[in-house]
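> For reference, the structure I am asking about is given below.
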Amino acid sequence: MQRGMKKIKSFSRPPEWVENAIVYQVFPDRFRRSNSVKAQEQLELQEWGSDPSLQGFHGGDLYGVMDSIDHFEALGINCIYLTPVFASAANHRYHTYDYFQVDPILGGNKALEALINALHSRGLRIILDGVFNHCGRGFWAFHHLLENGETSPYKNWFSVNQWPIFPYPKKGQNCGYSCWWNNPALPKFNHQHEPVRNYLLEVATYWMEKGIDGWRLDVPDEIPFEFWEIFRKKVKEINPQAWIIGEIWGDARPWLKGKHFDGVMNYRIGWSSLSWAAGNNLRTSYRNPYYPLKKLDGKGFINIIETTLGWYQREVNNSQLNLLDSHDVPRALNTLKGDIASLKIALLLLFIQPGAPCIYYGTEAGLVGGKDPFCRESFPWDNLLNTELSSYIFSLVSLRQKVLEVAKSDFKWKTIGKDGLLALLTRNENTKAISIVLNRSLSSSLKLDTRSFKKIFLLGNFDSNSTTLGPQSCIVIEEENLDVFIP
């Protein structure tokens, strides 16, 4: 146990509101430009809609996010997750150089405070991205190191293994300090050093006191567990209903036992849903062991879902951030080779799972960017001709509310033939059971039982005369018997 880190014995349970949260992830630089930020007036920004790149700013800002609240509500969104907004020399802003200042290009601190107030006045919540593992080369303490070398009083804020250090090393040259994934642009904080821990905790509490509703934490598995215990205590003291989400891509059990996070970015739900829904439409060129896009049959999908849910307590499953895609992976529609019908099936799978579904900005506009940086396109506000996906997402929000009203336990999954899935939801007292039938086949219909039922949701085609569910179609029904559709 490091000095200054006390053992925390108990924490509050995950926030109750998250079970009903519908989240929308915003990448601010590419979401919406308001033309209201004075700091942008003399800047040479890239043209809106330019090809994404690792460098270059399109000029999206927080007033643009505020201008989009009507859009969020039309989708059924009630929580916004912003990727980093603090001052940075990168468009994605994971290279932070001042944690107490919102980037001037985004509108500065006043813009964030205005956005928080505007969202809260409309009943929406907001969570920020906390990058507490590393900073940018421009961070003030690291800059002090560059100027003063071994004599800097901040030298212990970082783990230096040689002097002098080389923040811009030549090919084959060691930069001389620990950095994230050996990237010299991202010096790693020394969390063993008490002033570092105190500074980061001060950042967390400062923005909580400004009214944010929680934190999404970047690469938290590279930071000592004990830090997150203190972090949780500080955050929950300010707001017991704050949502703390860790970016853990796989098995997160060590972090989800009530002492660290409320939930994690549940990528396992995402890649498994896409891999099953796609059928033969799956693009498998992307390589990431924690986001393995590979063809799945029904049994494979069920095994991943049941294993993932089985890892955690029910309260934790309800507090996960479930997502198909994000700024770190190819867009779902790219993975599905542009097939909208497959995307709709994957979105339905996302919305019926325990945990909060998260829509990555631009999904509703049909953006198809590949792996980063190409998944970070500018939102096409001037070309929103097709509202099909927007309407569909809103219909899934309504469906999810209906499912949650009935839900007593998790779905029981079964396969139907080669391309069908059946999800059975145990009913509460005085309610009928809910069954969901999905057919991912591109060409074949699925024959169902002829018993009577009440249809409450339909994607695609269902022939009531022959009781067949068409290709790439889903139906949700209320009925008396849980096994109504089992052949």
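> Go through the stretch 171-181 and give me each residue that's surrounded by 10 or more Cβ atoms within 10 Å (Cβ to Cβ) and of a type outside the set (G, A, S).
Residues of the stretch 171-181 that are surrounded by 10 or more Cβ atoms within 10 Å (Cβ to Cβ), as a first pass: 173-180.
Once the filter is applied, which keeps residues that are surrounded by 10 or more Cβ atoms within 10 Å (Cβ to Cβ) and of a type outside the set (G, A, S), the stretch 171-181 yields Q173, N174, C175, Y177, C179, W180.
> Name the single residue, out of those in the stretch 457-479 being under 36 Å from the mean Cα position of the chain (by Cα) and farther than 16 Å from L349 by Cα, that is surrounded by the fewest Cβ atoms within 10 Å (Cβ to Cβ).
Taking the stretch 457-479 as the starting set, the residues that turn out to be under 36 Å from the mean Cα position of the chain (by Cα) are 457-462, 468-479.
In the following step, the residues that additionally are farther than 16 Å from L349 by Cα were identified as 461-462, 468-471, 478-479.
On the way: N461: 14, F462: 21, T468: 16, L469: 26, G470: 19, P471: 17, E478: 17, E479: 20.
Going through the qualifying residues, I end up with N461.
Here's the yes/no breakdown for (1) part of a strand (DSSP E or B); (2) modelled with pLDDT under 95; (3) touching a Gly at 6+ places or on another chain (Cβ under 8 Å); (4) outside the structural domain of G298 (by TED's automatic domain parsing):
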| position | (1), (2), (3), (4) |
| --- | --- |
| E377 | no, no, yes, no |
| Q401 | no, yes, no, no |
| A423 | yes, yes, no, yes |
| D449 | no, yes, no, yes |
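> Give the number of residues within the stretch 207-256 that are assigned to a loop (DSSP other than H, G, I, E, B) and of a type in the set (D, E).
Residues of the stretch 207-256 assigned to a loop (DSSP other than H, G, I, E, B): 210-213, 218-219, 223-224, 239-242, 247-252, 256.
Checking the rest, the ones that are also of a type in the set (D, E) come to 213, 218, 247, 251.
The qualifying residues number 4.
> Among W163, W181, which is the only one that is under 20 Å from I223 (Cβ atoms) and outside the structural domain of D213 (by TED's automatic domain parsing)?
Among W163, W181, only W181 is under 20 Å from I223 (Cβ atoms) and outside the structural domain of D213 (by TED's automatic domain parsing).
> For R197, are the conditions met, namely being in contact with an Asp or Glu (Cβ under 6 Å, 6 or more places away or on another chain), modelled with pLDDT of 95 or more and within 30 Å of R125 (Cβ to Cβ)? Steps first, please.
On the way: in contact with an Asp or Glu (Cβ under 6 Å, 6 or more places away or on another chain): no; modelled with pLDDT of 95 or more: yes; within 30 Å of R125 (Cβ to Cβ): yes.
Spelling it out, it is not the case that R197 is in contact with an Asp or Glu (Cβ under 6 Å, 6 or more places away or on another chain), modelled with pLDDT of 95 or more and within 30 Å of R125 (Cβ to Cβ).
> Quick test for you: out of F31, F72, pick the one residue that is out of contact with any Asp or Glu (no Cβ under 6 Å at 6 or more places or on another chain), within 19 Å of S326 (Cα to Cα), in the same structural domain as S391 (by TED's automatic domain parsing) and surrounded by 23 or more Cβ atoms within 10 Å (Cβ to Cβ).
Working: F72 fails: surrounded by 23 or more Cβ atoms within 10 Å (Cβ to Cβ).
Sole residue among the options that is out of contact with any Asp or Glu (no Cβ under 6 Å at 6 or more places or on another chain), within 19 Å of S326 (Cα to Cα), in the same structural domain as S391 (by TED's automatic domain parsing) and surrounded by 23 or more Cβ atoms within 10 Å (Cβ to Cβ): F31.
> Can you say whether I116 is in contact with a Gly (Cβ under 7 Å, 6 or more places away or on another chain) and either assigned to a strand (DSSP E or B) or surrounded by fewer than 24 Cβ atoms within 10 Å (Cβ to Cβ) (or both), as far as the supplied structure shows?
Details: in contact with a Gly (Cβ under 7 Å, 6 or more places away or on another chain): yes; either assigned to a strand (DSSP E or B) or surrounded by fewer than 24 Cβ atoms within 10 Å (Cβ to Cβ) (or both): yes.
So I116 passes the test.
> Kindly check whether there is at least one residue in the stretch 17-28 that is modelled with pLDDT under 95, outside any strand (DSSP E or B) and under 29 Å from N266 (Cα atoms).
Looking for residues that are modelled with pLDDT under 95, outside any strand (DSSP E or B) and under 29 Å from N266 (Cα atoms), one finds at least one in the stretch 17-28, hence yes.
> Just for helices (runs of 4 or more DSSP H) wholly inside the stretch 258-372: which have at least 3 residues that are touching a strand residue (DSSP E or B) at 6+ places or on another chain (Cβ under 8 Å)?
Values: elements: 267-278, 298-310, 314-317, 332-335, 340-352.
Answer list for the stretch 258-372: 267-278, 298-310, 340-352.
The values are calculated or read from the model by the stated rules, or taken from the named source; none is laboratory data. Since the model is a prediction, treat every value here as computed from it, not as a measurement. Note that we place each Cβ from the backbone using ideal geometry, even for glycine, and neighbour counts take in every protein chain shown.
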